[in-house]
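The values are calculated or read from the model by the stated rules, or taken from the named source; none is laboratory data. Just so you know, these numbers come straight off a predicted model, no measurement behind them. Every residue, glycine among them, receives a Cβ derived from its backbone with ideal geometry; neighbour counts consider all protein chains shown. Note: accessible area is taken over every heavy atom of the protein model, side chains too, but ligands, DNA and RNA are not part of it. Shrake-Rupley method; radii C 1.70, N 1.55, O 1.52, S 1.80 Å.
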Amino acid sequence: MVLTAIASPFVAMSQSFSKQANTLWYEIFDVVKDNSLVDYSGPTPADNVMERLLQARS
């Protein structure tokens with residue numbers, strides 16, 4: 001008897017959501033950056049700003 005793993009539909013749903021969220025975040029970031037009145041040289045969406053904020057509290 002051979003057992004095969006069954007893929008959870010929740011894993012696929014979470015991966016799809018994560019991909020969509022990242023895509024939307026980059027699109028929003030680009031629109032705001034392109035429409036700003038001054039040059040933006042701050043953190044990019046790839047930087048983990050929330051993690052740095054949480055570490056700064058401790």
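Computed quantities for the displayed model
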{"item": "Qualifying residue in the range 26-34 (condition: in contact with a Pro (Cβ under 8 Å, 6 or more places away or on another chain), touching a residue at least 12 places away in the same chain (Cβ under 8 Å), surrounded by 10 or more Cβ atoms within 10 Å (Cβ to Cβ) and part of a helix (DSSP H, G or I))", "result": "yes"}
{"item": "Residue satisfying all of: in the range 35-50; assigned to a helix (DSSP H, G or I) and at pLDDT below 75; surrounded by the fewest Cβ atoms within 10 Å (Cβ to Cβ) among these", "result": "Met50"}
{"item": "Residue within the range 6-15 that is part of a loop (DSSP other than H, G, I, E, B) and open to solvent by less than 100 Å² (accessible area, probe 1.4 Å) present", "result": "yes"}
